[in-house]
1. Can you work out which of the residues in segment 136-154 that are among the hydrophobic types (A, V, I, L, M, F, W, C) and part of a helix (DSSP H, G or I) is modelled with the lowest pLDDT?
2. When residues of segment 92-114 are filtered for being open to solvent by 60 Å² or more (accessible area, probe 1.4 Å) and over 17 Å from the mean Cα position of the chain (by Cα), how many remain?
3. In segment 130-144, how many are over 21 Å from R67 (Cβ atoms) and either over 25 Å from the mean Cα position of the chain (by Cα) or surrounded by 10 or more Cβ atoms within 10 Å (Cβ to Cβ) (or both)?
4. Of the numbered conditions (1) open to solvent by 40 Å² or more (accessible area, probe 1.4 Å); (2) more than 21 Å from S133 (Cβ to Cβ); (3) of a type in the set (D, E); (4) in contact with a strand residue (DSSP E or B) (Cβ under 9 Å, 6 or more places away or on another chain), E2 fails exactly one; give the number of that condition.
5. Can we say D147 is at negative phi, open to solvent by 30 Å² or more (accessible area, probe 1.4 Å) and free of Cβ contacts under 8 Å to residues at least 24 places away in the same chain?
6. Tally the residues that are closer than 17 Å to G125 by Cα, touching a Pro at 6+ places or on another chain (Cβ under 7 Å) and surrounded by 13 or more Cβ atoms within 10 Å (Cβ to Cβ), restricting the search to segment 55-91.
7. How many residues does segment 33-71 contain that are at negative phi, over 14 Å from the mean Cα position of the chain (by Cα) and without any contact (Cβ under 8 Å) to a residue 24 or more places away in the chain?
Amino acid sequence: MEKRSTDVWVGLFVLIGAAALLFLALKAGNLLSLNFAPTYDVVARFDNIGGLKADAPVKSAGVVVGRVASIGFDNQTFQADVTLALDKHYDFPADTSAKILTSGLLGDQYVGLQPGSSEKNLRNGDVIQNTQSALVLENLIGQFLYDKAAGGGK
């Protein structure tokens, strides 16, 4: 009976260890975010979101202030609708601008918020008007090559 009890405890310990490793792997890969703080949603419309993914961080001054809740496509404006879930204890002015930035040279993309100077704050359901799309490396290289070819290689 004692051997069976020891086997149960060893099995339980192995399961807890495996769960801890899975948790760490998901956190390290930014595939899991455990944030139970209340949020409010705002929408930002971009012409090109590059490789932005749902659950990407939203940062202001280098501090994570929220996450990308969802990404959709607007059939009327032909733009990407990015819903940002911002933490309630961060109030941003209504004229805040949003850009899609890259962490590092070829790193993950995130949304950067630049606060404006409006007296009114963003509320749940508001739309951020001033946005800047992602820089796509392939487009920049293509434009550079096209400019070189058109200029005769000068």
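1. L137
2. Qualifying residue count, segment 92-114: 1.
3. At the first step, the residues of segment 130-144 found to be over 21 Å from R67 (Cβ atoms) are 135-144.
Filter once more, keeping what is either over 25 Å from the mean Cα position of the chain (by Cα) or surrounded by 10 or more Cβ atoms within 10 Å (Cβ to Cβ) (or both): 135-137, 139-144.
Within segment 130-144, residues that are over 21 Å from R67 (Cβ atoms) and either over 25 Å from the mean Cα position of the chain (by Cα) or surrounded by 10 or more Cβ atoms within 10 Å (Cβ to Cβ) (or both) number 9.
4. For E2, the exception is condition (4).
5. When the stated conditions are applied, D147 passes them.
6. Qualifying residue count, segment 55-91: 1.
7. 2
The values are calculated or read from the model by the stated rules, or taken from the named source; none is laboratory data. Just so it is clear, the structure is predicted and the values come from calculations on it, not from any experiment. No Cβ is skipped: glycine too gets one built from the backbone with ideal geometry, and neighbour counts run over all protein chains shown. Just the protein is used for accessible areas: all its heavy atoms, side chains included, with ligands, DNA and RNA removed. Shrake-Rupley method; radii C 1.70, N 1.55, O 1.52, S 1.80 Å.
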